[in-house]
Amino acid sequence: MGGNRFVSASGFVLNFGKLFGELENLGILQDSVVIVTADHGERLYEHGLWQHGLSLYEEFVRVPLIVSWPDGAAGRVRETASTMDIFPTLIEAAGLEPPSSEGVNLKNYVKSTAGKRQFEGISEVTVATGPRVLISLRKQNLKYIATLRGPFDQLSLDDLLAEEIYDIASDPQELENLVEERDYSTEDFREVLNSYLQSGQQRRSMWVD
């Protein structure tokens, strides 16, 4: 099937309505957890870029994450949730104990018991040319993006090519890089980035061994 296909918002709503209606007709809606999300966003020439990949700006990493619970738990979460929370959410919904990970049950956000992550709002993408790896971290309203050169499993702070910090609250389009415009310190983010890189290397060495 060639070409691009676009579905209107009303089309999505109609199809979701059909899905929920069918689940209800089958008598399983009350026993189901339904999660609506996406693996990435799409850029429509924001930052001069098209489609996806090559960056970690909000138009690429911010995606919908909507959950329908059997018990009707409701609430709008303003903390930074993650798609890696989906796995423990579904495992616990099935009555099983999830393995240790950075992910948490999404219901904990509704109950305000999610706690603090070791790495907050982390995203990464590998660009084949270079190669280059982009890693972003969130700390409340601040978003940090690091560009590093080299294979991911060998990266360290010595491989930093560029750093960006944006205040998402006052600059949602990420146009003012605070590192360049205001000489904003990256020290706190570098500490977390270094910890993340070392953690990744340790886990990969365990897989290889």
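The values are calculated or read from the model by the stated rules, or taken from the named source; none is laboratory data. Keep in mind that what you see is a predicted model, and the values were worked out from it rather than measured. Accessible surface is based on the protein model in full, side chains and every heavy atom, while ligands, DNA and RNA are left aside. Shrake-Rupley method; radii C 1.70, N 1.55, O 1.52, S 1.80 Å.
Just to make sure I understand: if all protein chains stay in place, what is the order of R132, R76, R182, R149 by accessible area at 1.4 Å, largest first?
Order by accessible area, largest first: R76, R182, R149, R132.
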Query - Accessible area in square angstrom per residue, the range 57-184, 1.4 angstrom probe - result: 59
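Heavy atoms only, 1.4 Å probe, whole protein assembly: order F87, F16, F189 by accessible area, highest first.
F87, F16, F189
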